[in-house]
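The values are calculated or read from the model by the stated rules, or taken from the named source; none is laboratory data. Keep in mind that this is a model prediction, so the values were computed, not measured. All Cβ positions, even for glycine, are placed from backbone atoms using ideal geometry, and neighbour counts span all protein chains on display. What goes into the accessible areas is simple: the full protein's heavy atoms, side chains included, and nothing from ligands, DNA or RNA. Shrake-Rupley method; radii C 1.70, N 1.55, O 1.52, S 1.80 Å.
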Amino acid sequence: QVQFVGVGATRSLLRRITEMQINSARHCNPLTQLPGNVPIYEYVEFLLANDEDFHVAYCDLNHFKPYNDMYGYARGDAVLQMTADILRRHSAPGDFIGHIGGDDFVVILQSQDWQLRCEAILADFDLEIRRHYPTQALEQGGVYCEDRRGHTAFLPLTGLAIGVVHPDPAQCIGHNDVAALATAAKHQAKKMPGSALFVSRRRASLVLAPERSASVA
């Protein structure tokens, strides 16, 4: 049964749609064309205000700066675009993909199979990143480069770390609480070897809870 909640002028509706499109375009990342910080924050606030159930996957590339330094920004940009394409490929129609900046991305998932999607993202990333390295690096399993102190160090191939949180709308005041949760989960994922998925059980930034993790080879 359809119920009408109000009446509005078509011109006003079109104006509002245009304003939303302009706002989204203004805050899009120019490289990946994904929404940036402002649309991400606004969407999180909307989900919290409407008591929606959602997971946030904070995605960050490992050893990306050395890759940029060694192979150049053009190839680094290609890796970022590849990452954005993989996120799009494995997101459900109702999911939200954002590009925070640099090599940091976020996926806001409302699909029930969110963990399978994250695992598929990691598997595809590890497969496709190999196309962006020369044969010698692939045979070595990484590259030799200078660290900040000028010492030669061996770094494995660039991987993807994903930290996932399940915010509680009753305990998270706003997007800052959700960002704090997601950042903490991402840091845990980056401590794990290779491309990895870390799923946090903490649902509010001020509540301490046990953690569980899952790594993906």
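Packing, taken as the mean count of other beta carbons within 10 Å per residue, orders the peptides 194-200, 75-81 from highest to lowest as 194-200, 75-81. Packing, as the average of other Cβ atoms within 10 Å across residues, places the peptides 169-176, 39-46, 60-67 in the order 60-67, 39-46, 169-176, highest first.
Accessible surface area normalised per residue over region 123-172 is 56 Å², counting heavy atoms of protein chains with a 1.4 Å rolling probe. At full extension, LEU127 and ASN176 could sit 14.3 nm farther apart than now, given 0.36 nm per residue minus the alpha carbon distance. Give the carbon-plus-sulfur fraction of the accessible surface of region 72-217 in %, rounded to a whole number; probe 1.4 Å, heavy atoms of protein chains only. The value for region 72-217 is 52 percent carbon and sulfur by accessible area.
Legend: calculated FRET efficiency, ASN50 to GLN81, from the Cβ-Cβ distance at R0 = 41 Å, rounded to 0.05, equals 0.80.
Relative to one another, the C-alpha centroids of region 162-188 and region 40-107 are positioned 15 Å apart.
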